[in-house]
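Throughout, read-outs are computed from the coordinates displayed, never taken from laboratory work. Quantities reported herein were computed from a predicted structural model and do not represent experimental measurements. Reconstructed Cβ throughout: ideal geometry from the backbone, glycine too, with neighbour counts over all protein chains shown.
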């Protein structure tokens, strides 16, 4: 559980110009993140463009990432979908070597009821050999995991250990913190609100911007977790403009532009995503230089 306190990074998947996975770039990125002081990595979450990878590509990326990490930090696999049977089969077949947990987003597009969401995660929890972190991101899925459903799952399944919350609903965060069982982890799923969420009791963030600025972000998050919010303010404010630019034309195109500027990997994304416009790229490059130099 302590592996998931602090800064987690939803790792991007680097691609060559022809669209094939850039494994050398992935190795560079993983080492850069670990050297930057993050506590754990998430392989093939939304930021990893997982929905555009084939089953074979996913398995290769998961295995390669674990090989590069070599147990130096915690490692989480993003395994989700809107076909519960298919997700359960993926979980059952997943090679857990090197992995500490599974992050699973609530089903998208189907728009299930709260009971449907509960039964979906119940099926996953009953078949996974690894702990499960729920992922609530209504802006992408089209439905919200309510605080009541989150707490119900947390109480009913010991191996559901936390939730990555990206609803932006602070009333919902308050209810989860008040009603959750002891030890259940509330994790920020939004970079801009990680600071205030930790003040409420969240244990950290699973970040997009951390791909490019692992040191700056993880230093700020650690200060928050120590209760030094005054000390963390400078870092929080320094990241505001950078964070906004990461999402203004979609993620992970923004952070891949910053990673290219830093020489870590390229900025290629797979359709239907496209690279950011020249105007936004110029602003990202300028802001990246400002923060890192």
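If packing is taken as the average number of other Cβ atoms within 10 Å across a peptide's residues, how do 5-14, 174-183 rank, most packed first?
5-14, 174-183
Take each of the peptides 80-90, 40-50, average the number of other beta-carbon atoms within 10 Å over its residues, and list them starting from the highest.
Answer by packing, highest mean first, reads 40-50, 80-90.
What is the order of 247, 170, 4, fewest Cβ neighbours within 10 Å to most? Mind showing how you got there, number by number?
Values: 247 17, 170 13, 4 23.
Final ranking by Cβ density, sparse to dense: 170, 247, 4.
Assuming 0.36 nm per residue, please report the length gained on full extension of the stretch residue 122 to residue 2 beyond their Cα-Cα distance.
Length gained, residue 122 through residue 2: 40.8 nm.
What nm value, rounded to one decimal, do you get for the distance between residue 215 and residue 140 when each label is placed 7 Å out toward the C-beta?
Placing both labels 7 Å along Cα→Cβ, they lie 2.9 nm apart.
How much mean residue ellipticity at 222 nm does the chain get from its helices, if each DSSP H run of length 4 or more adds -39500 (n - 2.57) and you divide by all residues, to the nearest 500 deg cm²/dmol? Show your work: numbers first, answer last.
Values: 13 runs with 136 residues, N = 293.
Theoretical 222 nm ellipticity from helices: -14000 deg cm²/dmol.
Can you give the extra length, in nm with one decimal, that the chain gains between residue 159 and residue 97 once fully stretched, where that is 0.36 nm per residue apart less the Cα-Cα distance?
On the way: separation 62, 0.36 × 62 = 22.32 nm, distance 1.78 nm.
Computed gain between residue 159 and residue 97 is 20.5 nm.
Taking a ≥ b ≥ c as the square roots of the Cα gyration tensor eigenvalues, with a/c under 1.5 meaning rounded and otherwise prolate when a/b beats b/c, else oblate, which class fits segment 84-205?
In terms of gyration-tensor shape, prolate.
Could you sort 193-200, 225-232 so that the peptide with the highest average Cβ count within 10 Å comes first and the rest follow in order?
Answer by packing, highest mean first, reads 193-200, 225-232.
Calculated FRET efficiency, residue 23 and residue 72, Cβ-Cβ r, R0 22 Å, to nearest 0.05?
Values: r = 18 Å, r/R0 = 0.82.
Result of the calculation: an efficiency of 0.75.
Pairs of alpha-carbon atoms within less than 8 angstrom and 6+ residues apart define the contacts here; what relative contact order does the chain have, in percent?
Relative contact order here is 19 percent.
Gap in Å between the Cα centre of segment 153-194 and the Cα centre of segment 214-293?
25 Å
Along the Cα→Cβ direction, 7 angstrom out, place labels at residue 225 and residue 85. What is the inter-label distance in nm?
Result for the modelled spin labels: 4.1 nm.
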